[in-house]
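> Would you mind keeping the following structure in view while I ask a few things?
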Amino acid sequence: MKRTRLGLAIALVSSSLSMPALAHSDASYSGFPITVKDYKGDKKSSVAYSGQIARHALHDSLKKLSARGNGMPNAELKAQMMAYYAGKDAGRKIIAPATKGDFVVKQSTVDELSKGKNLKGKTYGGAVSAWPGNMTGSEVIEFWIDKASAANKGFDPLTGLDYTQLISKFLMGAVFYNQAVDNYLDEKLDAGTKPNGKPYKDGTPYTGKEHVWDEAFGYFGVPAHALSLDAKTVYSIAKQKPESVKSADANGDKMIDLKSEMVFAHGYYAAGADKSGNSNYMHTITEAFIDGRQLITKANGKNLTDQQREELKAYADVIRTNWEKVIAEAAFKYAGSVYKDALALQDAVDNNGDLQKTFRTYAKHWGELKGFAMALQVSGKDLGVTAVKLNRLIGASPVLLGNTQVSGIDNDGNYIQSPSVSLEEYALNMIEVQKLLNDTFGLQAKANDQLDKLSKLAEKLSNTSSAEND
Amino acid sequence: MIESFQIDAIPFVSELFLDPRKRLFIGYLFAAILVALAFLTLRGMALPQAFRTLFSRKVWFSKSARADYGLLVVNSALFSMLAPVLLAKLTVATLIYQLLQTTWGASGLQLGWPSAAIAVSFTLFLFLLDDFARYLLHRLLHTVPWLWAFHKVHHSAETMTPLTVLRTHPIEGVLFSLRGALVQGLCIALFIYLFDDQVDLVTVLGASVIVFAFNVAGSNLRHSHIALFYWPWLERIFISPAQHQIHHSVEPRHFDKNFGAILAIWDRLGGSLHLSEPTTELQFGISREQKADHRLSTLYLTPFIESYRLIKQRFLAKAIPKKQNKPDLTQKTIYK
């Protein structure tokens, strides 16, 4: 009986995870009515997450800036980067995403999205053990901004550190992921915090819980109409492909409104994983957001009952778990790339290949891997030994040509390098990373799987759990 | 997800009788019937009589056969629960693959073999290693007293039908599964290491071509009363059904003979090959004098008690060497 019930539960959960598009193909994260009692303003919708979109634009712009150095210390560039990271000044242009051919972006300044926003104030404040130097999240970012401003196009060939990738991939975790799963979808769902029976602030057209939920959704980074878009389309919107304009432009005004029609950050990586056809993270997460928002709206401006909050927390759990998987999938993919790159680099050394180009690719992929691996560790959840293993296997830089690796940072902020393993051994570390990520997070897309060939062959052979006697 | 609602019996039946990678695949059973009928009629039996011999109620509804059916059902349920905790071939493959890479470098040989040659080598290597491992484990099951306690469950069959192949104690099942995981894991790791993703298995209906051929040739008659024998020269290469029936015989001179699954060469090397005796009427089981107890409780529990006694005896013999406490190996012969 127990087994049957378990089977039933699994079946229900799986079917609800695998078929969101069927159930909600037309549902959009928009048009939710105002439920605040005695609202006096002229707004028609209670949905608002423009502050989050402003931070997405700040992040995309900072990423662009981080690749603009010329290899010499550059105080002006550093100040500019800091303006996008820590500043709140008016007049900051959106450097990315900007209009590109037919892909016309509606907003051109951060203020048009939301005024006075920065990234620093929302960056993970705990210690980052994945990076040497005992720094908090925002200290790590500022340390990298300083280095990036003096690097050539964001890249330091002496250490193999690609600051553009590091800053971007870690920041997505330390701000968007952390804020959503460790703040909005966590303690802010409690009864005593931001209650649904009151406006978020005096005069706002949304309740406490409505806005908390919207803010989390905003950080995920998918368009409001994401459920009607497939993974490939969402992916191409993020890439600003001309053919994606029609799908992105939900209201048909020939412009892409960053506030509701654009793809950012982990929304893009979720779609990237789903393109494989093996996972459905983007729709699963979006649907949980919409379901949760509907639940809050149905409460009609009253405080949520305990049961409603439990239901809401169940949606939050779906979001949290799948969001984590999205980041782990990205780390998995780049671990596979680094594996191939490290072997290619050794091959280039042995056979007089193009070292510079091979090393650059290797370093770029490493920066992405490291950034995502660090992002996984700032959700407020202690990954325990998984984090320790990840950090040891990946290290604080890629293994360099002399088999050395960055192992620390001295008091002046200079890197310390120590002897490490060979490139071939380091490549094998990457297989360990993939295995660890898959075992810990239960991945589905598994792009660049380096052990894939083993499992494919294993599937062909007969089942070994057989009782056939001789 | 509808599958989740179905009771376990459906996948169990489909796995058992509809998977060409399993001995009891319906096609192999049918092939065995054809082979048996051909054999019996060639031996001068009329077709109706051959049919009656094949489907004799005395065999198919004997106490022994009914115990087979009971074991099969209980074991299937047991194994569906055990399967996730058993060592998986993929785990073994991954470990060995990583070991190979750390010992001999990340990439294997660049021999430039054509894919077909690699597939044939893999299929052949897997078959040889698997067949040898079966022989070896089977030999151990007979020669190590506490293992014999478990394997006796299989040998307690006094009438044999193809389903007797699954008359197995769960502990043996675990050992078989371990053997399979080690053999398959090793082959996968080694070949992927050497030839990367070019490796493939040569298959018919999804089953290894060699296993397929063995099964189509009437492998299911090994556990039956149809003493299909081969020419002596062939019985020195492949174990015939009659030779496996010799292995199940209560005749003391047949004890510990013909451990092999498909190939006879391992038995030849190990000195345990025994050719079939077409003129001898065989009696199956453990002991000529003592009838076996076919109650499921006995079949499942006795091996534990016996092996515990054996291990305790052995331990005592070591601890107090002067006392008369030789492990009672004669016990084995008594049971046989």
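> How about region A:412-440: which of its residues are surrounded by 21 or more Cβ atoms within 10 Å (Cβ to Cβ) and aromatic (Phe, Trp, Tyr)?
Passing the criteria: only A:Tyr426.
> Give me the pairs: first residue in region B:283-294 and farther than 19 Å from B:Phe150 by Cβ, second residue surrounded by 20 or more Cβ atoms within 10 Å (Cβ to Cβ) and of a type outside the set (Lys, Arg), beta-carbon distance under 7 Å, and six or more apart or on different chains, which are they?
Pairs found: B:Gln283/B:Ser249.
One line per residue, one yes/no per condition, for (1) part of a helix (DSSP H, G or I); (2) closer than 30 Å to B:Lys89 by Cα:
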| position | (1), (2) |
| --- | --- |
| A:Gln356 | yes, no |
| A:Lys370 | yes, no |
| A:Lys381 | no, no |
| A:Gln405 | no, no |
| A:Asp412 | no, no |
| A:Ile431 | yes, yes |
| A:Leu443 | no, yes |
| A:Leu454 | yes, yes |
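> Can you run down the residue pairs with Cβ atoms below 8 Å, 6 or more apart or on separate chains, where the first is in region A:115-130 and assigned to a strand (DSSP E or B) and the partner is of a type in the set (Val, Ile, Thr)?
A:Ala127/A:Thr136
> Follow-up question, since we're still on this one. In region B:258-283, what residues are of a type outside the set (A, V, I, L, M) and touching a Leu at 6+ places or on another chain (Cβ under 7 Å)?
B:Asn258, B:Asp267
> So B:Ser80 ticks every box in (1) in contact (Cβ under 8 Å) with a residue 24 or more places away in the chain; (2) in contact with a helix residue (DSSP H, G or I) (Cβ under 6 Å, 6 or more places away or on another chain); (3) closer than 21 Å to B:Leu301 by Cα but one. Which box is left unticked?
(2)
> Okay, moving on. Against the definition (at pLDDT 95 or above, of a type in the set (Val, Ile, Thr), assigned to a helix (DSSP H, G or I) and farther than 27 Å from A:Asn391 by Cα), how does A:Thr321 come out, yes or no?
no
> Output the residue which, of all residues in region A:228-284 that are within 16 Å of A:Lys446 (Cα to Cα) and over 17 Å from the mean Cα position of the chain (by Cα), is surrounded by the fewest Cβ atoms within 10 Å (Cβ to Cβ).
A:Gly277
> Within region B:161-173, identify whether any single residue is of a type in the set (Val, Ile, Thr) and more than 15 Å from A:Ala467 (Cα to Cα), and answer yes or no.
Narrowing region B:161-173 to residues of a type in the set (Val, Ile, Thr): B:161, B:164-165, B:168, B:171.
Now drop any that are not more than 15 Å from A:Ala467 (Cα to Cα), which leaves B:161.
Looking through region B:161-173, at least one residue is of a type in the set (Val, Ile, Thr) and more than 15 Å from A:Ala467 (Cα to Cα).
> So A:Thr358 passes all but one of these: (1) within 21 Å of the chain's Cα centre (by Cα); (2) surrounded by 14 or more Cβ atoms within 10 Å (Cβ to Cβ). Which condition number does it fail?
The number of the failed condition is (1).
> I would also like to ask the following. For A:Ser138, which of the numbered conditions (1) within 26 Å of A:Thr404 (Cβ to Cβ); (2) part of a helix (DSSP H, G or I); (3) among the hydroxyl-bearing types (Ser, Thr, Tyr) fails to hold?
For A:Ser138, the exception is condition (1).
> What are the residues in region B:165-176 that are at the interface with another protein chain (Cβ under 8 Å from one of its Cβ atoms) and part of a helix (DSSP H, G or I), if any?
Taking region B:165-176 first, the residues at the interface with another protein chain (Cβ under 8 Å from one of its Cβ atoms) are B:165-168, B:170, B:172-173, B:176.
Residues satisfying the conditions are B:Val165, B:Leu166, B:Pro170, B:Glu172, B:Gly173, B:Phe176.
> Still on this structure: Looking at B:Phe238, B:Phe255, B:Phe212, can you tell me which residue is at pLDDT 95 or above, within 15 Å of B:Arg134 (Cα to Cα) and of a type in the set (A, V, I, L, M, F, W, C)?
After ruling out the rest, the residue left standing is B:Phe238.
> Between a residue in region B:177-204 that is closer than 28 Å to B:Gly27 by Cα and at the interface with chain A (Cβ under 8 Å from one of its Cβ atoms) and any residue that is surrounded by fewer than 22 Cβ atoms within 10 Å (Cβ to Cβ) and among the basic types (Lys, Arg), which pairs come within a Cβ distance under 8 Å, given they are 6 or more apart or on different chains?
B:Val199/A:Lys453; B:Asp200/A:Lys460; B:Leu201/A:Lys460; B:Thr203/A:Lys460
> Tell me which helices (runs of 4 or more DSSP H) are completely within region A:220-285 and hold 2 or more residues being within 18 Å of A:Ala180 (Cα to Cα), or say none if there are none.
Where helices (runs of 4 or more DSSP H) fall fully within region A:220-285 and carry at least 2 residues being within 18 Å of A:Ala180 (Cα to Cα), they are A:265-274.
> Count, please, the residues in region A:434-470 that happen to be among the aliphatic types (A, V, I, L, M) and more than 7 Å from chain B (Cβ to nearest Cβ).
First, pick out the residues of region A:434-470 that are among the aliphatic types (A, V, I, L, M): A:436-437, A:443, A:445, A:447, A:451, A:454, A:457-458, A:461, A:467.
Among the residues that remain, those that are also more than 7 Å from chain B (Cβ to nearest Cβ) are: A:436-437, A:443, A:445, A:447.
The qualifying residues number 5.
> Given the conditions (1) among the aliphatic types (A, V, I, L, M); (2) within 25 Å of A:Val222 (Cα to Cα); (3) touching a Ser or Thr at 6+ places or on another chain (Cβ under 9 Å); (4) surrounded by fewer than 24 Cβ atoms within 10 Å (Cβ to Cβ), report the number of the one that A:Ala314 does not fulfil.
Unmet condition: (3).
> Another one. Taking the options A:Ser397, A:Ser407, name whichever one is away from chain B (no Cβ under 14 Å), in contact with a Ser or Thr (Cβ under 6 Å, 6 or more places away or on another chain) and surrounded by fewer than 20 Cβ atoms within 10 Å (Cβ to Cβ). Before you say what the answer is, go through the steps one by one.
On the way: A:Ser397 fails: surrounded by fewer than 20 Cβ atoms within 10 Å (Cβ to Cβ).
It is A:Ser407.
> From the list B:Gly27, B:Gly70, which residue is at pLDDT 85 or above, out of contact with any helix residue (DSSP H, G or I) (no Cβ under 6 Å at 6 or more places or on another chain) and either surrounded by fewer than 18 Cβ atoms within 10 Å (Cβ to Cβ) or more than 14 Å from chain A (Cβ to nearest Cβ) (or both)?
So the residue among B:Gly27, B:Gly70 that is at pLDDT 85 or above, out of contact with any helix residue (DSSP H, G or I) (no Cβ under 6 Å at 6 or more places or on another chain) and either surrounded by fewer than 18 Cβ atoms within 10 Å (Cβ to Cβ) or more than 14 Å from chain A (Cβ to nearest Cβ) (or both) is B:Gly27.
> Would you check if there is a residue in region B:185-192 being under 25 Å from B:Ser80 (Cβ atoms) and either at pLDDT 95 or above or in a helix (DSSP H, G or I) (or both)?
Applying the first criterion (under 25 Å from B:Ser80 (Cβ atoms)) to region B:185-192 yields B:185, B:188.
Remaining after also requiring either at pLDDT 95 or above or in a helix (DSSP H, G or I) (or both): B:185, B:188.
Within region B:185-192, one or more residues are under 25 Å from B:Ser80 (Cβ atoms) and either at pLDDT 95 or above or in a helix (DSSP H, G or I) (or both).
The values are calculated or read from the model by the stated rules, or taken from the named source; none is laboratory data. If you're wondering where the values come from, they're calculated on a predicted model, not measured in any experiment. Neighbour counts are summed over all protein chains in view; Cβ atoms, including those assigned to glycine, are modelled from backbone coordinates with ideal geometry.
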